[in-house]
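Student: Sharing a structure with you now.
Please treat every number below as a calculation from the coordinates, not as lab data. None of the values given here were measured: they were computed from a predicted structure. Here Cβ is always computed from backbone atoms with ideal geometry, including for glycine, and neighbour counts include all displayed protein chains.
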2 protein chains.
Amino acid sequence: MSTPAGHTSAIAASRVIGTAVYNTAGDNVGTIHDVMLDKLSNNIMFAVVSFGGFLGIGEKYHAIPWGSLDYEKSRGGYIVPYSKDQLEAAPAYSVEELTREDGRTARDASYDYYKVDPYWS
Amino acid sequence: MSTPAGHTSAIAASRVIGTAVYNTAGDNVGTIHDVMLDKLSNNIMFAVVSFGGFLGIGEKYHAIPWGSLDYEKSRGGYIVPYSKDQLEAAPAYSVEELTREDGRTARDASYDYYKVDPYWS
């Protein structure tokens, strides 16, 4: 079974990692660097999106709510419903900061910033 | 915050993949090959566990409920609360079969076989 838009629901983490991410204007804004998983709640916490990788050491990552990623087959990448300005002003973290407080610091700030309903209560 | 057992809750998918899996007797039964994610429900569907890899092409994989994996720091791997016999008799799939029916064939059979409460309704 597929979603109404023809997407499949099941996707392996290894296939998600490395996939390009585009903003609403169609600009390639980065790549899925990783997916943060919640061991306790069975939920996907957020996608870890890197912005180009040209920064190397010290690179910052965005925590993007999993549900905000919409795969577009024609582009071979995920579209996020955010503008360039929104993304540039979004909270960003080092790898260490992403897992701080069990990932909740980054997760909570991200869901708040992007105004996505939390999956946790 | 940590779980009662001192585990952390947030874990990156890239760190899960490749981790060893042990059964209740302490035998190394395989490796986490991948993690199947549910795009629609925000849930982790199951861990994809390979059994050694020596089978090469045609290798079968087990779908293990995410919540059944318990990380044991001293071993550097996940313990599953199943015996060798249970695991050997468990449903196993090729990569293609794992994603059949959006992963639900493997997922449903796995949760049923291991008697784990479904996260879906």
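Student: Looking only at residues that are in a helix (DSSP H, G or I) and among the small types (Gly, Ala, Ser) in the stretch A:75-121, which one is nearest to B:Ser9 (Cα to Cα)?
Tutor: A:Gly103
Student: How many residues, within the stretch A:7-25, are touching a Lys or Arg at 6+ places or on another chain (Cβ under 8 Å) and surrounded by fewer than 17 Cβ atoms within 10 Å (Cβ to Cβ)?
Tutor: 4
Student: For the stretch B:6-17, name all the residues that are at the interface with chain A (Cβ under 7 Å from one of its Cβ atoms) and of a type outside the set (A, V, I, L, M).
Tutor: B:His7, B:Thr8, B:Ser9, B:Ser14
Student: I'd like the residue in the stretch A:18-43 that is within 7 Å of chain B (Cβ to nearest Cβ), free of Cβ contacts under 8 Å to residues at least 40 places away in the same chain and more than 10 Å from the chain's Cα centre (by Cα) and, out of all such residues, is nearest to A:Tyr111 (Cα to Cα).
Tutor: Checking each candidate, the answer is A:Leu37.
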